[in-house]
Amino acid sequence: MTSVRFAEPSGPYHQMAVILGTCEIASAIAVHLHRDRYGVVLSHDPAAPPVIRRKMAFDDALCDDAVIVDALRPGGPPPAVRSALGRGDAVVITELGLLDLIVVRPLDLLIDARMQKYDPPDLRPLARLTVGVGPGFGGGANCHAAVETRPGKAGRVLEAGATDAGDGVPRRLGGRGEERFIRAENAGRWHTAIEIGTRVLKGFVIGHLGDAPVRAPFDGFLRGVVRDGIDVPAGVTLFEIDPRGRRATWSGIDPRSGLIATAVIKAIALRDAAVSEGRRAFFNL
């Protein structure tokens, strides 16, 4: 478990949020919630694919690496989860799962940002407000509010109805789509010494899957890559190339993640407005 302590926002922390997932979307949500004076716990899912956009995510904090997301720097000793949940002045990244966390204290806010793309469980009994991010969620069905993540629709809050099903088609970036992502042809151990943000040319060896070299498919910048020394299954994404030259980005909060994080804050505001107006049925509260 790792604690990430940020510069304090004005005013006291008032509630605690648990986010399932440690990817760039989960991390953007954590940043926005912390700035909105929530204490935040991100729960790592060992069944999730490896995070590749690691300069946009808090995932590497699990390995005690220095982490910076949107100019927020880690620091301070790692507190116990119970202490952090009670005090609420830090973002905590932990390998404890949801079943471990819900016995610590009642949850104010639970967000599933694992981007699973399959039918998730009903989150609503587990927290005062639950938000499902991405495919598989429906407002009023298995969460109180759902957030759309599909390109072109990202950031829509669905108070009722389901998000779009995943179609496996990545948004285009610099004229490139699926070809930006290089996937493992077979299971094996991944090794790389190339840092995210490195400029690479077509054919450059990004790493080795077992003994086989894996090369860049075209010129660009390394936007994301699986951490060195990880055992990966066949089909998992090993790395991503950003072809946009000087406009390439690989750190901070990208626009799509920012839209999704803002939508979570909007969902909270809708809940608060519904409660203040006595419309508790709006979120089945």
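Below are the figures for this structure:
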read-out: Length added when fully stretched, residue 186-residue 276, from 0.36 nm per residue minus Cα-Cα; value: 27.0 nm
read-out: Under 16 Å from the residue 128 label point (7 Å along Cα→beta-carbon), backbone N, the range 144-159; value: 144-145
read-out: Calculated FRET efficiency for the pair residue 202/residue 117, C-beta based, R₀ 30 Å, to 0.05; value: 0.50
read-out: Segments 234-244, 108-118 sorted - mean Cβ within 10 Å per residue, highest first; value: 108-118, 234-244
read-out: Additional length obtainable on full extension of the chain from residue 178 to residue 247, 0.36 nm per residue less Cα span; value: 22.9 nm
read-out: Note, ³J(HN,Hα) from phi for the range 157-166, Karplus 6.51, -1.76, 1.60, rounded to Hz, x at Gly and Pro; value: 9, 9, 6, 8, x, 9, 6, 5, 5, x
read-out: Estimated FRET transfer efficiency (residue 160, residue 193; beta-carbon r; R0 45 Å; 0.05); value: 0.35
read-out: Added length on full extension, which subtracts the Cα-Cα distance from 0.36 nm per residue, residue 48 to residue 230; value: 64.2 nm
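Throughout, read-outs are computed from the coordinates displayed, never taken from laboratory work. Here the structure is a predicted model, which means the values were calculated and not measured. For neighbour counting, all protein chains shown are included, and Cβ atoms are generated from backbone atoms with ideal geometry for every residue, glycine included.
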